[in-house]
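A short write-up of the structure that comes next.
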Amino acid sequence: MVYDNIVLIGFMGSGKTSVGKTLARYLHKDFVDVDSVIEKELGASINDIFKDKGEEYFRDLEQKSINEITKKKGQVIATGGGLPIHSTLPKNSLVVYIDADFDVILNRLSQKEHAKRPLLQDEERARSLYAERINTYKELATLSVDANQKIQIFIHVIVDFILDQRVL
């Protein structure tokens, strides 16, 4: 099957943006980060949007953004951690689950990054959210990669899958 776009899913902080940028560069594709598109459009951070307008408002923006972004083909798209849980992913996308353990995610995030993520402010709640979401990520994924190792290692798994399957 040929896919229109590569859509990266996974829990917040799992590395979707870093992987997406590297993958796009490697495959000579455009990279789009859904959260960055929303922040640019509204002129506000995700954290501020959550605080000022609420999660429901933000989730609606996510769905509209992914619908608009995927009108164009041939992109690598990093989603927010909740997008695949609260929104519908485009059907003709290669969905790659960036599967990182919760503790690995916490260790990777700097204090600054940690503070920018509203749903990570309460670690117990974040762990619970992670546990709730993990099965949905797995079910939606065309391909899951073990992201508990360095990006340079598992990015090759994604590229090899794409080349072997001739999916783009």
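The values are calculated or read from the model by the stated rules, or taken from the named source; none is laboratory data. Source: prediction; values computed, not measured. Cβ coordinates were reconstructed from backbone atoms using ideal geometry, including for glycine residues, and neighbour counts include every protein chain displayed. Ligands, DNA and RNA are stripped out before the accessible areas are found, and what is left, the full protein with its side chains, is counted by its heavy atoms. Shrake-Rupley method; radii C 1.70, N 1.55, O 1.52, S 1.80 Å.
Computed in the context of the full set of protein chains, the accessible area of the chain at 1.4 Å probe radius has 47% of its extent on carbon or sulfur. Using a/c under 1.5 as the rounded threshold, could you call region 35-166 rounded, prolate or oblate? The axes a ≥ b ≥ c are square roots of the C-alpha gyration tensor eigenvalues, and prolate needs a/b larger than b/c, oblate otherwise. Oblate. The HN-Hα couplings worked out from phi for region 65-76 by the Karplus form 6.51 cos²θ - 1.76 cosθ + 1.60 (θ = phi - 60°) are 5, 5, 4, 5, 4, 7, 5, 8, 9, x, 10, 10 Hz, whole numbers, x standing for Gly and Pro. Under the combined filter of DSSP loop state and at most 15 neighbouring Cβ atoms within 10 Å, region 12-87 retains these trypsin sites (Lys or Arg not before Pro): Lys71, Lys72, Lys73.
Among Asp35, Asp48, Asp122, the largest mean-square fluctuation in a Gaussian network model of the chain, built with springs joining Cα atoms closer than 10 Å, belongs to Asp122.
Remark: region 30-37, residue by residue, has Karplus-estimated 3J(HN,Hα) of 6, 10, 9, 10, 4, 4, 5, 4 Hz, where x stands for each Gly or Pro and the curve is 6.51 cos²θ - 1.76 cosθ + 1.60 at θ = phi - 60°. Amide H contacts of Asp99 (H built 1.01 Å from N, in plane; Pro and chain starts excluded): Val145, Ala147 sit under 5 Å, all sequence-distant by 5 or more or on other chains. Once the chain from Ala44 to Asp122 is taken as fully extended at 0.36 nm per residue, the excess over their C-alpha distance is 25.9 nm. Three principal axis extents describe the C-alpha atoms of region 1-109; from largest down they are 41, 34, 22 Å. Taking a Cβ cut-off of under 13 Å around Ile134, the surrounding Lys, Arg, Asp and Glu residues balance to a net charge of -1, with basic ones at +1 and acidic ones at -1. Rounded to the nearest 10 degrees, the inclination of helix 123-140 to the longest alpha-carbon principal axis of the chain is 30 degrees. Placing unit charges on the Cβ atoms only, positive for Lys and Arg and negative for Asp and Glu, gives region 23-77 a dipole magnitude near 400 debye about its Cα centre. State, to one decimal in nm, how far the label point of His28 lies from the label point of Asp146, with both points 7 Å from Cα in the Cβ direction. If labels sit at His28 and Asp146, their model points lie 3.2 nm apart. Per residue, the chain exposes an accessible area of 53 Å² to a 1.4 Å probe, with every protein chain left in place. Charged neighbours of Val95, selected by a Cβ distance under 11 Å, balance to +1 (K, R count +1; D, E count -1).
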